[in-house]
Every structure is written in structure tokens, then in C-alpha cells.
Amino acid sequence: MSQEKFWILLSKKLAQEASTEELQDLESMILEHPEWQFAIQNLEDLWKLKAEQPTQEGEDAYLLHLQRLKESQLFNNETETNPSDAYFFDNETRNPRWFRWMAAAAAVLVLTLGAYWLFQSRDSEEAAPLARADQNVISTRPGSKSKVQLPDGSIVWLNAGSKLTYDKQFGKTLREVELTGEGYFDVVKDPSKPFLIHTKTIDIRVLGTVFNVKAYPEDKTTETSLIRGSVEVSVKDRPNDKIILSPNEKLVVQNHREQEAEKIASKRPAIRPEILIRPLRYNIEDSTLVETVWVENRLVFREETFSDLAKRLERWYNVFIEIRDPELADMKLSGTFSDETIDEALQALTFTAPFKYERVNDRIFVHK
């Protein structure tokens, strides 16, 4: 029953017709079920693009969807027998506005599930194993970002193409998460329960602080940028080394994949991953942090190779970019994008760099 109520409340919120009490109920449900974040993200995107449908068609779509839900027993039997929940299906649904809200929720639910399987199939080659029943998984697809509040009140912003995994018992005895991709963390202080973040290359231990972690497996490095507070970083290939960061410092660790490539190329035993500590970078124009400005929906790059920038553009715009010239791939670029489309961004780059590009749907080919 709670899932049906969730779709109704979310539809009312999107229609800007939800009361303050209903918005509070919706926020509580989202906190209880963080695994719904992916569906919420898709629903909000689809809502912005939705076309107007005749009322009767919407009502028919809802009734058909509801019948299928009952047949598949998606909701438990209490749906039909609990009097306190009956208004969702009886008295209130006689109101045409309720039909529209529920029909919209049902229609968008179908579209959301379709979008979910679409993105799952596109990424199937690199898909991680399914989450266990005792885990919550929050993910953002390429081209999107998401804000998540954890059960302890800590806030996490997830950048495009990222995933956060944590146990459903989070906060009761441990505060522990796994991150793939990039996340900006604002952790609530609790000395009795340190906050632990695991990535493929490093582990991070904090008490209460604000920091950014960039840990895309396909990138050359994993980075931890500390804004305030203190963090302790352990590098998995250097278990005896503990690095304590101070505010305005960034730890850069070479990823294991790059180490393996060097080992094969040089035919030498693998060396321990390179570790660097650097100061955070600030934009001259407005003094914002380059490492965290993505939270404000801005893509900032300074003296970045075109090949590295291409990876960021792929995640930012949900496209595929192939650079067909090695010289172009090593070329250094600087700039800032915010509201630009991918075509506008590439066109702007052509004014400062000697390249051309061709686009076929979501595939872009860069050449001289």
C-alpha cells in the first residue's frame, strides 16, 4: 500500500498540488525507502517531457495498470482489506482530479520501469552484481545527478554515473557505504560511529566533515578533496600507510588499472600506487572550488587533457566520444560549462583547439 501512496503523493508534488502535510509524508517515505531514488529521478525527468493526454485515456491507463498490479500481487492482501487504506481506491478515486493524479502516476511508473531496464541493458557489460536484500543502492545514470539523505542525516550528492551502496541497518551500529563514481559528502558528526567510505582503490574514515570523493574505475586516479574537518585515507595496495588530510587538501591516488598497464608495458614488477597531496584549486573568476563546483551543475576543467575531459563529457551529457587522433587526445584544455548542450560545448572548444567533430545521435567522433 505504501508504494501506491508514494506514487500518488509524488504525482501531486509534481503537479504542485500537494499540501504541506503530504509533502512531509512524501519526504518521510523517501527517507525510509532510499532505493526509490532511481525511480524518482526518472519520473521527474519524464514529467518535464510529458505530453497532455485526454482524461479518459489517463483513467483507462490507470485502471488497466491497477488491475495488472492486483493480478501480479505486487501489493499484499491488506490493500483490499484494510479500511484505513480504502480511500485510495474508493471514495477519493471518484474525484476526477484523483483519477488524473493516479493515472499519471501509473503511466509514469510504466515509463520509469521501461527507462530503468533501458539503462540497465545499455550498461549490462559493466554492470555490478545485484544488491543483496539487506542493502540499499542509490544510482545516477550518465547525464543526471542526485541528492540523498542517509538515515543518520548525512547528505550525499552523487554525480553522473555514480552508485552508493549501504546496508539497511546503516547507523544502528555502523555507518558504512561503498562508492563507485563521484560523491560530495556532508557527514553528521557522531564520534561513537565513524563514517566509512569504501572505493575500489581507497578507504576513507571520518567523524563529521565535508569532502568530495571522485572514484570512477575508468579514470586514471582516485581523488579525495577535503573542504573542512578531517579524514583518514587508507590505500588498499599500501595497507600500512594512513594519510590524514587537512582542509583544502586533495589526495590523488593512481588507480590499480593504470598500475597494471605500466607493469605490462615495462615488464617490471608492479610498483606501489603513486600518492600525491595537492592543494585544492579555486576559480579565479568567483573563488569557487574546482573539485566541488559540479554540485552547482557546472563543469570546470583546467589544463585537462582532451582524453580525460572526454570521459567527463560522456558522463555529463550521456554521450559516447571517440577521439581519433592521439595528438588531440593529449591536448590540454581549460573552460567552464553550465547550461550548454553537448553541441554548444564542443563548438566552444573548437574556437580554442584545432579539431572537428561529427555527431551521430549520442555518438561523437573527434578528428583533425
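We did not get these values from a lab; they are worked out from the coordinates using the rules stated. This is a predicted model, so every value here is computed, not measured. Positions of Cβ are generated from backbone atoms using ideal geometry, with glycine treated the same way; all protein chains shown enter the neighbour counts.
Note on region 167-212: antiparallel DSSP beta bridges, both residues inside, total approximately 65 percent of the bridges counted. Taking amide H positions as modeled 1.01 Å from N, with prolines and chain starts lacking one, the residues under 5 Å from residue 255 and 5 or more places away or on another chain are 221, 222.
Near the amide H of residue 216, within less than 5 Å, lie the amide hydrogens of 181, all on another chain or at least 5 residues away, with H placed in the peptide plane.
Amide H contacts under 5 Å for residue 290: 281, 282, 283, restricted to partners 5 or more places along the chain or on a different chain, H placed in the peptide plane at 1.01 Å from N. Extent along the principal axes, Cα only, for region 274-357: 34, 34, 23 Å, with the longest axis given first. Normalised by the number of residues in region 125-218, the average gap of Cα pairs under 8 Å and 6 or more apart makes the relative contact order 22 percent.
Taking R0 as 56 Å, what's the FRET efficiency between residue 363 and residue 234 from their Cβ-Cβ distance, rounded to 0.05? My answer for the efficiency is 0.90.
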